[in-house]
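Here is the structure we will look at, set down as structure tokens.
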Amino acid sequence: MCFFPFSSMAQLVKGSTRLRSIPVRFRYLFLLATIFGSSFLLISITNRTEILLVNNDQPLNSLDLHHYDLEHDTSFTIKTEGCTIPGLIALDETIKLFNHPPKDLKNCPNANYTLLQHNESHIWVDTEILQYYNVPKDGNMSCCYKPFYRPKSIVNVFSEHVDDRVQYEDCVEFFSYIEVEHEFVRVSCDYDQKTVYEQYFLFPSKKPFHTFGENKVRIQPQNDTPYYNVIVMGIDAISRLNFHRTMPKTLEYLKKKGAIELLGYNKVGDNTFPNLTPMLLGIKETDLKRTCWPHDSASFDNCPFIWQWFKEAGFYTALGEDSAKLGTFNFAKYGFIKTPTDYYIRTFLHEAEVNVGNTKDFNSYICMGNKYFYKVLLDYIEDLTSTLRYSKLFGFFWEVSMSHDYLTYPMAMDDSYKNFFERLDSSNYLDNTVLVLLSDHGIRWGAIRLTKQGRLEERLPFVHMLLPPSFQENYNLAYNNLKQNSKRLTTPFDMYATLSDLINLEEINNEKIKQRTNSSYTLNRSISLFLPIPKNRTCKTADIDDHWCTCHKGIKLSTKSLEARDAAEQLVRHLNKYLEEYPHCAVLSLAEVLEVTEMMAGQPRKDEVGWREFMVVVRTAPGDGVFEGTLRRRGDQWDLAGTISRLNLYGDQSRCVHHYQLKLYCYCR
Ligand SMILES: [Zn+2]
């Protein structure tokens, strides 16, 4: 259960159910406030020193929308009735020192000397590069074009390598160029009885559209029903803020195009698999056993992945990862026996990794010959979307080779991703495509994980949803809900429901959204982001285990404890700081510590580096003002986080000042 601090009178007044949890003396304050405060303007100051005028009569919804600009308020990441996630700054002091450029990252060998060039129809020898490989231009270098594929016949259906099966065809020799006629090709070039160059090539040419269980070719249904392509692109192990730190150009591009960032997207399991299972199947990893994956040595063929629903609706489907070894469904698992999607590149990736994979860095080979694997995947997505530009496509793609093990390696991919999006956009593909760029969790190891922020970031992966321009127009309510939900507690389960809504767009037209909004869905585990996610959603109702929950939980301290006293004194010190330039106002002193709550987000490990956060309520003298504020403690240093609210009325105590911020705090001498 998440705890939320009440930080303003408006919130106090609003929540009658919450009254029970408020100490008796505050209930009197509450009554007082209600009696005198109905037409009273409460003023509070945020740490941005932007002034908020809060009318008690105003519903909080409209306040949230019009007055809170969360992105600039660093005191919390999201703040709803059910969940407050602490504010995090991308380059917080405890994090800065880890954000160095990846100087150990290796280039692929011969990265600038690509002997075999290709386009979508041909592969050819770049004669200018020959000399680099010590081959004379007329030296008769011969190349072998060897297609390969995933055979239908299976030797051993129980083998753990069943998903790696492959069949190579005979070599076709060429000297300068060759026309490509296959999806997967290996080319090696020999000179003087030595192999001087070898590379793998991937060509997503258009395939006939098959439906399930039929060998018969079908015309892909292209009726007049509107549709958007859906492209989900994952980058493994990047927190929301690590994406800000390491891929700022891509971020800026997405922002410029109006992508919506989910601030409260909380992971639901440790690593990739338990976070992708909810996203792709809508169920928990632990439920797989009871549904479609009875034991660890079973394949995933019987699992109803979301791409199957898209296929049923006439979409081509694609599944592609940039690592075979770390494949989501193959790492210590058996993968697929049948071919799960129309376009499935595991066969290719596995061969490329085994035969020309190099530059192993911790877990992954990061290069395929002289090219980074992540670029192989990006190029593939670009080629595939170009091939299928007049067809419906659902594609799920996952990058892992570069980002999985090192916090700042994603810096090396920033330009490539940004350029990729720009090209996709200039080809107009994004005009009819919903694109989701996301991760499964933040980095799970390394020194950053010894910090509080590192722990929270691990649980808060990034998500950006880029919708086509027509979406906002045609699906206005769904769009507005999504925008609002960017500041709510959300999970991969919701992503499943969201993607499901894109199979048939009638599900999200305004009329349907209105209807669905009135249905009882608010306690569901998977809620489409096109519907309003309830404000009172907690980790419990969202089915996020306590261990992964980043929402605040309040642990009350004894008001007599030293730490509580310290915190209270600090709040008064901050109040006096506001007042120091106003000699008419009395210096305030601490009259009573009313309440001190430590705001915990999950369980810190011993010796964790980073701040602790306390919500403090004090009564001061003279004037008996009751103030509430949130303080952060870093070692001996106490900082104010966000707002100081006044919880009782100041009447005419502050008649000597006219500055409406100060009226809250000033007791005129
Ligand atoms: Zn992962």
Residue check for Asn61: modelled with pLDDT under 95, more than 24 Å from the chain's Cα centre (by Cα) and surrounded by 15 or more Cβ atoms within 10 Å (Cβ to Cβ): no
Failed item, numbered, when Pro221 is tested on (1) within 15 Å of the ligand (Cβ to nearest atom); (2) modelled with pLDDT under 95: (1)
Segments classed as strands (runs of 3 or more DSSP E), wholly inside segment 119-187, with at least 1 members that are of a type in the set (S, T, N, Q): 142-149
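Enumerate the strands (runs of 3 or more DSSP E) found wholly within segment 523-626, keeping only those where 2 or more residues are of a type in the set (Val, Ile, Thr). Let's see the steps before the verdict.
Values: elements: 552-557, 589-601, 612-621.
Per the criteria, 589-601, 612-621.
Return the total of residues in segment 306-326 being under 25 Å from Val356 (Cα atoms) and either among the aliphatic types (A, V, I, L, M) or surrounded by fewer than 21 Cβ atoms within 10 Å (Cβ to Cβ) (or both).
Kept after step one, since they are under 25 Å from Val356 (Cα atoms), are these residues of segment 306-326: 318-326.
Next cut, either among the aliphatic types (A, V, I, L, M) or surrounded by fewer than 21 Cβ atoms within 10 Å (Cβ to Cβ) (or both) only: 318-319, 324-326.
Going through segment 306-326 one residue at a time, the tally reaches 5.
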Failed condition for Asp270, given (1) charged (D, E, K, R); (2) within 16 Å of the ligand (Cβ to nearest atom); (3) touching a strand residue (DSSP E or B) at 6+ places or on another chain (Cβ under 6 Å): (3)
Sole exception among (1) within 16 Å of the ligand (Cβ to nearest atom); (2) over 17 Å from the mean Cα position of the chain (by Cα); (3) part of a helix (DSSP H, G or I) for Tyr406, by number: (3)
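Quick one: in segment 258-267, of everything that is in a strand (DSSP E or B) and surrounded by fewer than 21 Cβ atoms within 10 Å (Cβ to Cβ), which residue is nearest to the ligand (Cβ to nearest atom)? Lay out the reasoning, then the answer.
Start the filter on segment 258-267 by keeping residues that are in a strand (DSSP E or B), which leaves 260-261, 265.
From what's left, surrounded by fewer than 21 Cβ atoms within 10 Å (Cβ to Cβ): 260-261.
Working: Ile260: 22, Glu261: 19 Å.
Among them, the one singled out is Glu261.
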Number of the exception - Gln653 against (1) buried (at least 17 other Cβ atoms within 10 Å of the Cβ); (2) in contact (Cβ under 8 Å) with a residue 40 or more places away in the chain: (2)
Filter result for the condition that a residue is at pLDDT below 95 and of a type in the set (A, V, I, L, M), over Ile555, Ile533: Ile555
Tally of residues being in contact with a Gly (Cβ under 6 Å, 6 or more places away or on another chain) and assigned to a helix (DSSP H, G or I) across segment 476-500: 1
Scope segment 142-162; condition under 16 Å from Gly335 (Cα atoms) and hydroxyl-bearing (Ser, Thr, Tyr); matching residues: Ser159
Unique match (being in contact (Cβ under 8 Å) with a residue 60 or more places away in the chain, surrounded by 23 or more Cβ atoms within 10 Å (Cβ to Cβ) and not basic (Lys, Arg)) among Glu422, Glu399: Glu399
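So, in segment 482-493, how many residues would count as being buried (at least 21 other Cβ atoms within 10 Å of the Cβ) and either among the basic types (Lys, Arg) or more than 16 Å from the ligand (Cβ to nearest atom) (or both)? Can you show your working first?
First, the residues of segment 482-493 that are buried (at least 21 other Cβ atoms within 10 Å of the Cβ): 482, 485-493.
Now narrow it down to the ones that are either among the basic types (Lys, Arg) or more than 16 Å from the ligand (Cβ to nearest atom) (or both): 482, 485-490, 493.
Residues meeting the conditions: 8.
Got a sec? Which of Lys249, Lys255 is free of Cβ contacts under 8 Å to residues at least 12 places away in the same chain, outside any loop (DSSP other than H, G, I, E, B), under 21 Å from the mean Cα position of the chain (by Cα) and more than 16 Å from the ligand (Cβ to nearest atom)?
Working: Lys249 fails: free of Cβ contacts under 8 Å to residues at least 12 places away in the same chain.
Just a single option satisfies the conditions, and that option is Lys255.
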Residue in segment 628-638 that is in contact (Cβ under 8 Å) with a residue 40 or more places away in the chain, buried (at least 19 other Cβ atoms within 10 Å of the Cβ) and of a type in the set (Gly, Ala, Ser) present: yes
Among residues of segment 430-475, those that are within 16 Å of the ligand (Cβ to nearest atom), outside any helix (DSSP H, G or I) and within 24 Å of Ala601 (Cα to Cα), counted: 13
Given (1) closer than 20 Å to His464 by Cα; (2) of a type in the set (Ser, Thr, Tyr); (3) within 16 Å of the ligand (Cβ to nearest atom), index of the condition Ser364 fails: (1)
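Among the listed residues Leu88, Leu130, which satisfies the condition of being within 41 Å of the chain's Cα centre (by Cα) and hydrophobic (A, V, I, L, M, F, W, C)?
Numbers: Leu130 fails: within 41 Å of the chain's Cα centre (by Cα).
None of the others qualify; the one that does is Leu88.
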Residue that is farthest from Asp236 (Cα to Cα), among those in segment 409-429 that are more than 16 Å from the ligand (Cβ to nearest atom) and among the aromatic types (Phe, Trp, Tyr): Tyr429
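Look through segment 224-239, keep the residues that are farther than 18 Å from Ile306 by Cβ and modelled with pLDDT of 95 or more, and return whichever of them is farthest from the ligand (Cβ to nearest atom). Steps first, answer last, please.
From segment 224-239, those farther than 18 Å from Ile306 by Cβ are 224-226, 235-239; that's our starting set.
Subsequent filtering for residues that are modelled with pLDDT of 95 or more retains 235-239.
Values: Ile235: 9, Asp236: 4, Ala237: 5, Ile238: 9, Ser239: 11 Å.
This residue is Ser239.
The values are calculated or read from the model by the stated rules, or taken from the named source; none is laboratory data. This one's a predicted model, so the numbers in the text were calculated from it and none came from an experiment. Using ideal geometry, Cβ is built from the backbone for each residue, glycine included, and neighbour counts are taken over all protein chains shown.
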